[in-house]
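Colleague: Here it is, the structure in full.
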Amino acid sequence: MRCGTCAANRNTDLLRSYRITHARVQYIDPFEKVLRETTPCVSIQDPAGFTEYLNNLSLRSDMTMEEFKRVSKELADTKAKLAEQQKETEARDKEIDRLKARVTELESQTANLMNGDSKPTNELSLQNSHHSEKEIRTKSPGTMSISDLKPTEDSSVDFFSFEDEHG
């Protein structure tokens, strides 16, 4: 009897082990199917390949984040430069409008002088001409144009004369 009890105990142990193993196999098959579909690994018997795949995936993710940060910084720099250029453009547009108004004013004064009127009596225009002279003197040579260098009516400039030196 003793052997019968021993055999029965072994039989129940084997049955329990078989059921556990069978349950594990039922979980392994779907897992391996997903593993084959989503990774280059063929089965769960290749843990080194799976680890390499995960490391490569992590490295690719890190590189993508670094590139994203670089591009984001570049975009922010470009936006800042664009805003700066827009401000400069607005300032230049205002300067152009101011200069156009000044040209129109000077043209009307020139027309008045040509028609025989006396010198301009508008004090504001005289102040503007002095203001323009100061602006011309403070401008750098690269930003000046030829019209900026023309002498004004109220500036008296002595030109060099050979005859004055040796006469």
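The values are calculated or read from the model by the stated rules, or taken from the named source; none is laboratory data. Everything numeric in this text was worked out from a predicted model, so none of it was measured. Glycine also receives a Cβ, built like all others from the backbone with ideal geometry; neighbour counts cover every protein chain displayed.
Colleague: If we scan region 60-76, do we find a residue that is surrounded by 10 or more Cβ atoms within 10 Å (Cβ to Cβ), more than 32 Å from the chain's Cα centre (by Cα) and of a type in the set (Asp, Glu)?
Modeller: For region 60-76, residues surrounded by 10 or more Cβ atoms within 10 Å (Cβ to Cβ), more than 32 Å from the chain's Cα centre (by Cα) and of a type in the set (Asp, Glu): absent.
Colleague: Let me ask something else about it. So how many residues does region 24-55 have that are among the aliphatic types (A, V, I, L, M) and in contact with a Cys (Cβ under 8 Å, 6 or more places away or on another chain)?
Modeller: Step one: filter region 24-55 for residues among the aliphatic types (A, V, I, L, M), giving 25, 28, 34-35, 42, 44, 48, 54.
Those still in the list that are in contact with a Cys (Cβ under 8 Å, 6 or more places away or on another chain) too: 35.
Total satisfying the criteria: 1.
Colleague: Now for a different question. Which ranges mark the helices (runs of 4 or more DSSP H) fully within region 48-167 that have 1 or more residues being over 30 Å from Thr38 (Cα atoms), at pLDDT 60 or above and not charged (D, E, K, R)? Steps first, please.
Modeller: Working: elements: 123-138, 146-149, 162-165.
Result: 146-149, 162-165.
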